[in-house]
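To start, the structure under review is shown below, and the notes come after it.
The values are calculated or read from the model by the stated rules, or taken from the named source; none is laboratory data. Remember, it's a predicted structure, so these values are computed and weren't measured experimentally. Glycine gets a Cβ as well: all are built from the backbone with ideal geometry, and neighbour counts include every protein chain shown.
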Amino acid sequence: NHVKSRTKRDSAEIGFAESYLVNYGYVPPDSLQSGRANAELHSWSKALAEMQKFHGLPQTGEFDDATIEIMKKPRCANPDKVS
Amino acid sequence: VKTNLKRKKRYVTVGSPWQKQLITYSINNFTPKLGKKLTHEAIDNAFKVWSSFVPLQFDKVDASQNPDIVTFFAEGFHNDNTNFDGVGGYLAHAFYPGSGIGGDTHFDGAEPWTLHQGPNKGNDLFLVAVHELGHALGLQHSPDVKAIMAPVYKYHDTKNFVLPQDDILGIQSLYGNFWFKLFDSTKPPRRPAATQPTISSIPEPSPPKLCELSNYDAISFLRKELYIFKGKYMWRRKRGKTSFSGPLMISSFWPQLKNGVDAVYENPTSNKIVFFKDHLFWEFRGTELLPQSPRHVRHIGMQNGKVDAAVWWQRNGKTYFFKGNCGYYWRYGVGRVEEDYPRSISVWNGAPANVDAAFSGVDGSHNFTYFVKGNKYWVFNNWEIKTVKTSLSFVDDWLKC
């Protein structure tokens, strides 16, 4: 799913969405480093589903329109998840 | 971090709230989009929202006095780990309770700050401040999209602001609530926030003014604090105070009573607060609705129709219900009104017929019952069983207007 949804979106939006997940505590900061193992892709999809759940969205695990739209709304800078 | 999803609570708290009741704060600068006065009004009222529900007292001090919570506006990098990003994106952020930067709250000066301009008009500073101060008091983001602690900015009616239930539960899970604090006899009574008359909502442009009311729906001492109810509003005089705070929305304490009340009484022996509205009654323990509520007044043996006044008598442990327009009253014992009632209110000789409200327990003593009709009151001696003062000015003697 994650790979499929990535191909549908340009890399800038993907980069924005991945930074969002990192900024707000859904994935650890080092996940953005290049060369991440394929296994990590799975964690992105899981993290995305978790973010979607927190925001009351359908938990598709994909960068769908509703998710990108929520990500673009003004919000509090504090993370949603605190370890 | 506690996430208590089991009991439908969505709020999330961090481990350590403030370990004191008096918390100081400063507003170090202001946004030119609102000016200094409105900036202070927005942030001051945001503090008042939280102090309406927990026994915390917020005192505004100068920045030079090392306040617990420092608030300011900044753009871009501002000497902490989060750079603001211009219009949109980050609106603000806050640090959780603690020393040093703990509690500090920063607003992105680049944002289109507004105040009480309604939805789709920039970002309302009052709403963002309520959210951020929730962090400064120990609340995390809530996954309840209706909560003020939801992460994404969402407009709530600021002129009639009512703190969502999830946020009330969250903040009271950290600091308890007035009922718990006032009644926790194992600890020295915690003085409820004394100086912050609580306004849990920015009063509507034309909220009723207590001193201008010509009559009242219900009056009672609840947990030794005097409450006056009118329409959907209430005013509250805390222990040891002479002035009332408010108007507060009744629904901010008792969400089920958003349409107002006809009568109210508290029975301290059963630790119940009972409200009447039309032909129904609700039983609460503090602000917690008890099972089976609301019920029809038939359940306690009353005919249809509303109760105008109710008062509990410590002398005999009974409660008296008054129906003003017909000048009757009932005596309520255990579970239902007693046989051979109603009787004429003339038994309470000297008391007014169509009474609007009745209360007792002034300063904890139950020697007198006060009957209120319009904005006059009568004093009934519960031991001599007679009215000893008639038609005095409630406004002058009780409201100190």
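Listed values, structure above:
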| quantity | calculated |
| --- | --- |
| Selection from the range B:224-244 of residues that are surrounded by fewer than 20 Cβ atoms within 10 Å (Cβ to Cβ) and not in a loop (DSSP other than H, G, I, E, B) | B:E225 |
| Any chance B:G286 is of a type outside the set (F, W, Y) and more than 26 Å from the chain's Cα centre (by Cα) | no |
| Residue in the range B:209-223 that is part of a loop (DSSP other than H, G, I, E, B) and modelled with pLDDT under 85 present | no |
| Selection from the range B:20-47 of residues that are in contact with a Pro (Cβ under 8 Å, 6 or more places away or on another chain), within 16 Å of B:Q57 (Cα to Cα) and modelled with pLDDT of 90 or more | B:T24, B:Y25, B:S26 |
| Residue list for the range B:286-315, filter: assigned to a strand (DSSP E or B) and either small (G, A, S) or free of Cβ contacts under 8 Å to residues at least 40 places away in the same chain (or both) | B:E288, B:L289, B:R295, B:H296, B:A309, B:A310 |
| Leading residue by the ranking (farthest from the other protein chains (Cβ to nearest Cβ)) among those in the range B:116-132 that are at pLDDT 95 or above and out of contact with any His (no Cβ under 8 Å at 6 or more places or on another chain) | B:L125 |
| Qualifying residue in the range B:63-72 (condition: at pLDDT below 95, among the hydroxyl-bearing types (S, T, Y) and either closer than 21 Å to B:D167 by Cβ or surrounded by 16 or more Cβ atoms within 10 Å (Cβ to Cβ) (or both)) | no |
| Residues (more than 12 Å from B:L137 (Cβ to Cβ) and of a type outside the set (A, V, I, L, M, F, W, C)) located in the range B:22-36 | B:T24, B:S26, B:N28, B:N29, B:T31, B:P32, B:K33, B:G35, B:K36 |
| Residue tally, condition farther than 16 Å from B:R298 by Cα, free of Cβ contacts under 8 Å to residues at least 24 places away in the same chain and part of a loop (DSSP other than H, G, I, E, B), over the range B:316-339 | 2 |
| Unmet criterion (only one of (1) farther than 22 Å from B:N271 by Cα; (2) in contact with a Ser or Thr (Cβ under 9 Å, 6 or more places away or on another chain); (3) not in a loop (DSSP other than H, G, I, E, B)) for B:A358 | (1) |
